[in-house]
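Heads up: the structure comes next, in structure tokens.
All of the numbers you see were taken from the coordinates with simple rules; none came from a lab. Worth saying up front: this structure is predicted, and the values here are computed from it rather than measured. Glycine gets a Cβ as well: all are built from the backbone with ideal geometry, and neighbour counts include every protein chain shown.
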Amino acid sequence: MKFRCERDVLVETLGTAGRAVSTRSGLPGLSGVQVELVGDQFTVTGSDLDLTITTTIEVSGESDGKAVIPARLAADIVKALSPGAVELSTEDDTLRISAGRSDFSIRLITSDEFPKITDIDAKPVELDAEQLAHALKQVVLAASSDDSRPILTGVLLAAEGDSLRLVATDSYRLAMKDIDGIELLSEGEQVLVPSRALGELHRILANGKSITLRLGEKEASFTVEGVTLTTRLIEGDFPNYRGLVPDHHPNTLTVNRTALLDALRRVKLMAPQEGTPVRIEMNEHGMELVAVTADVGTAREVVESSYVGEDLVVAFNPRFLLEGLEVAPGDDVTLLTTDELKPALIKSVGFDNYLYLLMPVRVS
Amino acid sequence: MCSTEATVLHADLDAFYASVEQRDHPHLRGRPTAVGRGVILAASYEARAMGVRTAMNGAAARRLCPGLLTVDPRMEAYSEASRQVFQIFDDTTPLVEPISIDEAFLDVSGLGRLVGTPESIATRLRSRVANEVGLAISVGVARTKFLAKVASGVCKPDGLLVVEPEKELHFLHPLPVRSLWGVGVKTAEKLNEKGLTTVGQVAGLDESVLVSILGPSAGRHLHALSHNQDPRRVVTGKRRSSIGSQQALRNRPRSLTEVKAILLELVDRVTHRLRDGNRVGRTATLRFRFGDFSRDTRSHTFHEATASTATFLDVAQSLLEERESEIRQRRLTLLGFTINNLSPADAVQQALPFETRSSPLLDSAVDTVRGRYGLSSIGRATLVGQEPGVRVPLLPDVDR
């Protein structure tokens, strides 16, 4: 294998595929990326078995070939070279990287240790990249990062009428978004995609306008502008979220989203420790935010709002509240509550396709 | 820092479980007695004289001591006795630091002019425990916690030993290195290899030499202790940092299902205590001891603290399943479950109710029934018909 390429293009390519490379894997083959040159098409593949990222770029090819190279080291070397053209070539068990007066020879990794990547045999579906990126930003944050509950580390993709529904929950809050006009799955069908893969997908979505999605039985792949991300699907049953979203709430608070966010960020200063709740006191005059840390102090702020319902005080983890409000669409939001212990619902006024369900903190 | 007077008491009940049994069963008095039949949980001094030790297998103990009388443990009786003794501690001084169910540090500085010298306080404490609870307690008195604990160990059973400040090193230096806090079998071996057998010999070395033998942290620690430098104060009201329970198991093969049932009971009990203390916890730890006496622990930390039995059970079972092959091959002889990272339950993030069985309502209903009718009044259907296990309460949890 031998080719020439611009340094910056190569840096990005190695970096993108390298994000799937596991840093903790015991398998030496997985600490490398697989590189392959066919004509002028140079392809880099990184994988940790759960997640695979493949990126293809155009280079000036001289001779075809395939090898597995140390991911981190190769990326660090290319990044450190002076700008301009870089030449990569392999001979026997060595990769040579040269640019200007720099010349590196590094040992290849045995290529038979690299996992076999197979294409998914499924009908491709085109999605709008920006729309999907927006939906991912609203939903992925609610997924759990706790590996002891693998189901909750996934984001549910399900057919809902003529929409694609995305749902994630870490068991304390739940985010749900419907993307209208996408018929990806048949009614009743659903898949669970690891949130880590969707987080990576979100990063590469910025590169393109359109994304091609293929859903297999055990895997799904997403292709944007020469980058393909393939992820294993999570097996198991997602919690029955439908039963959790109450269809009736006696209490409705309506408030400007930005005003509430600003006030919350201020009041949260008095709840610096994770776990210290912020209280929302609601009555006929509207709402007031309160945070108290024993031996430190108190913060209170009245936020202009309208409230219909019983006088109520509900406490929330301020981080969960902030994260939900930050990604909610629109200018005004409603906070729908039943009592101080039942799930509270945040919805955007004028937007029916997003909701954020949040469990209160019980204060005694 | 430490005071200039010997005002720290280390009070330690002698052969605690066995002494409670001898107190309640006159026919056991003066005779070698052991608590626990399969595994010895505690041995009376008469039994210890014959070589019977805690954690020994029952058959081995009977071979050493043919006249050994064994009784089933009565944990509730021990808890009650412990509660009475701690009541006497609390009457003695406001500065009580519990170490476990049967020992505590007491700081009596400042009481001198009011109620007498530390020695007279310790004497009165011992006679109150003897008269009111019917148990023997040994008390060591010294300027530091470390030395007070060494002193109570030296004067056992039923003893009192005051180490006056000017005689500290005189007392400490002839003792074997194992007396130093933190020196276990392995460290003692390393020291013995260098010809160091007494605390005095260790004290004679430069700190740098000890560091080169034992590493920086242990080296500095032992250097300080051998010169009786122990700045730890008696800390009262220190909220317990963990709650746990463990169960010794007879050394025989067990199926995973059987071990899971034992785990269920432990988790059920510990989470009940957690809620009872109005606490929540973030970390679950499983402890294993195997037939070859090797030990292992596995733990998991949640993002949010909880007191839910179902949540802890889920994670405890998956931690157990990870160890399935070892349990089968190496024979489990002890299973422990501990919840660490405790915090007050005054602000508890509620979880979405998508697992109906983890409903906080179920936990609180069970707790209410137990509060009214006792611990065994309600339990898990899975456990019906299981052989009742031996539970070892720890108060608070200590690493063992």
Report the net charge of residues surrounding residue A:59, where surrounding means a beta-carbon distance below 11 angstrom and charges are Lys +1, Arg +1, Asp -1, Glu -1. -3
Residue by residue, what Karplus-based ³J(HN,Hα) values in Hz, rounded to whole numbers, does region A:58-72 have, using 6.51, -1.76 and 1.60 with θ = phi - 60° and x for Gly and Pro? 8, 9, 8, x, 10, 9, 5, x, 8, 7, 10, 10, x, 5, 5
For region B:4-53, what size does the Cα cloud have along each of its three principal axes, sorted from largest down, in whole Å? 47, 22, 17
Hypothetical label at residue B:377: residues of region B:256-285 whose amide nitrogen lies under 19 Å (7 Å Cα-Cβ projection): B:268-278
Is there a simple number for the mean count of other chain Cβ atoms within 10 Å of the Cβ of residues in A:356-364, and what is it? 4
With -39,500 (n - 2.57) per DSSP H segment of 4 or more residues and division by the full residue count of chain A, the 222 nm estimate, nearest 500 deg cm²/dmol, is -5500 deg cm²/dmol
For region A:127-188: Kirkwood Rh in Å [reciprocal of mean 1/r, alpha carbons]: 11.9 Å
With a Förster distance of 60 angstrom and the Cβ-Cβ distance between residue B:186 and residue A:128, calculated FRET efficiency to the nearest 0.05 equals 0.40
For peptides A:11-20, B:215-224, B:177-186, sequence by mean Cβ density within 10 Å, most packed first: A:11-20, B:215-224, B:177-186
Reachable lysines from residue B:186, Cα under 23 Å, same-chain residues fewer than 8 places away excluded? B:149, B:194
Which residues' amide hydrogens lie under 5 Å from the amide hydrogen of residue A:315, considering only partners 5 or more residues apart or on another chain, with H built in the peptide plane? A:280, A:361
Cα convex hull volume per residue for region B:1-154 (Å³): 105 Å³
For A:143-153, mean number of other protein chain Cβ atoms within 10 Å: 2
Taking neighbour counts of Cβ atoms within 10 Å as a proxy for exposure, in what order, fewest first, do B:56, A:282 appear? B:56, A:282
Note down the nm distance, to one decimal, between modelled labels 7 Å out along Cα→Cβ at residue B:295 and at residue B:80. 3.1 nm
So what is the relative contact order for chain A, in percent, with contacts set as C-alpha pairs under 8 Å and at least six apart? 12 percent
Starting from the 7 Å offset along Cα-to-Cβ, what nm value, one decimal, do you get for the label separation of residue B:49 and residue B:90? 3.7 nm
Note the per residue figure in Å³ for the convex hull of the C-alpha positions in region B:87-150. 86 Å³
For the ranges A:44-53, A:217-226, what's the packing order if you count other beta-carbon atoms within 10 Å of each residue, average per peptide, and put the highest first? A:44-53, A:217-226
Of the trypsin sites (Lys or Arg not before Pro) in region A:33-121, which ones lie in a loop per DSSP and count no more than 13 other C-beta atoms within 10 Å? A:101, A:116
Efficiency by 1/(1 + (r/R0)^6): what FRET value for residue B:154 and residue A:106, r their Cβ-Cβ distance, R0 = 41 Å, to the nearest 0.05? 0.05
Cα-based helix-to-principal-axis angle, A:318-327 vs chain A, degrees rounded to 10: 70 degrees
Taking a label point 7 Å from the Cα of residue B:256 along Cα-to-Cβ, the residues of region B:311-345 whose backbone nitrogen sits under 16 Å from it are B:314-332
By counting other Cβ atoms within 10 Å of each Cβ, how are A:56, A:169 ranked from fewest to most? A:56, A:169
Take the Cα pairs of region B:173-226, get the Kirkwood Rh, then feed it into Stokes-Einstein at 37 °C and 0.692 mPa s and tell me D in µm²/s. 313 µm²/s
For residue A:291, net neighbour charge (Lys/Arg +1, Asp/Glu -1) across residues whose Cβ lies under 10 Å away: +3
Set the bar at 32 Å for Cα to Cα. Now go through A:137/A:342; A:177/A:209; A:137/A:218; A:79/A:137; A:2/A:218 and name every pair that lies beyond it. A:2/A:218
Shielding of A:168-174 by other chains, given as the mean Cβ count within 10 Å, works out to 4
Counting only DSSP beta bridges with both residues in region B:1-154, tell me the antiparallel percent, nearest 5. 85 percent
Label 7 Å along Cα→Cβ of residue B:364; region B:258-279 residues with amide nitrogen under 15 Å? B:275-279
Tell me, what ³J(HN,Hα) does each residue in region A:169-180 have, in order and in whole Hz, if you take phi through Karplus 6.51 cos²θ - 1.76 cosθ + 1.60 with θ = phi - 60° and put x for Gly and Pro? 8, 9, 5, 9, 9, 9, 10, 9, 9, 9, 9, 6
DSSP-assigned coil residues among GluC sites (Glu not before Pro) in region A:69-122, each with at most 10 further Cβ atoms within 10 Å: none
Final fewest-first order of B:260, B:167, A:177 on the 10 Å Cβ neighbour count is B:167, B:260, A:177
Relative contact order (percent, whole number), chain B, Cα cutoff 8 Å, 6+ residue spacing: 16 percent
Counted charge near residue A:316, where neighbours are those whose Cβ lies closer than 10 Å (Asp, Glu -1; Lys, Arg +1): +3
Part-to-part distance (alpha-carbon centres) for region B:191-249 and region A:287-346, which is given in Å: 50 Å
Between residue A:326 and residue A:41, the FRET efficiency computed from the C-beta separation at R0 = 51 Å comes out, to the nearest 0.05, as 0.80
For chain B, what does -39500 (n - 2.57) per DSSP helix run (n ≥ 4), summed and divided by total residues, give at 222 nm, in deg cm²/dmol to the nearest 500? -11500 deg cm²/dmol
How many Å³ per residue does the convex hull of the Cα positions in chain A occupy? 171 Å³
Along region A:5-18, what does the Karplus equation 6.51 cos²θ - 1.76 cosθ + 1.60 (θ = phi - 60°) give for ³J(HN,Hα), rounded to whole Hz, x for Gly and Pro? 7, 5, 3, 5, 5, 5, 4, 5, 5, 5, x, 5, 5, x
